[in-house]
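In what follows, a structure is listed as structure tokens, so that the remarks can point back to it.
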Amino acid sequence: MTSPRDDPVVYLATAPNEPLAQLWAEILEDAGIKVMMKPIGPGFGAWGSNATFEHELYVLRSRLREAEAVIAEIEPDRGPDSFL
């Protein structure tokens, strides 16, 4: 079993906006996969909201393949290369 110290957080995918990122995160969490969301763009102070900015999702490396499969199932147009 991997110790938490040996299981780094890694990039999973970029969602086009906060609502979709939140949906993906909730689905992943329902599957038992912990998720971290990070807004991309000028930041909260620039426009007053992150809702329309892309958001990156991160997971533990040990759950990456499982998380990719979950996202691919709910977003079938995303090919395997979209996770690189």
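The values are calculated or read from the model by the stated rules, or taken from the named source; none is laboratory data. Just so it is clear, the model here is predicted, and its values are computed rather than measured. Because the Cβ atoms are built from the backbone with ideal geometry, glycine has one as well, and the counts that use them run over all protein chains shown.
Summary of computed values
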read-out	value
When residues of region 39-70 are limited to those that are outside any loop (DSSP other than H, G, I, E, B), within 15 Å of residue 17 (Cα to Cα) and touching a helix residue (DSSP H, G or I) at 6+ places or on another chain (Cβ under 9 Å), the one modelled with the lowest pLDDT	39
Pick from region 1-28, criterion surrounded by 12 or more Cβ atoms within 10 Å (Cβ to Cβ) and assigned to a loop (DSSP other than H, G, I, E, B), ranking: modelled with the highest pLDDT	7
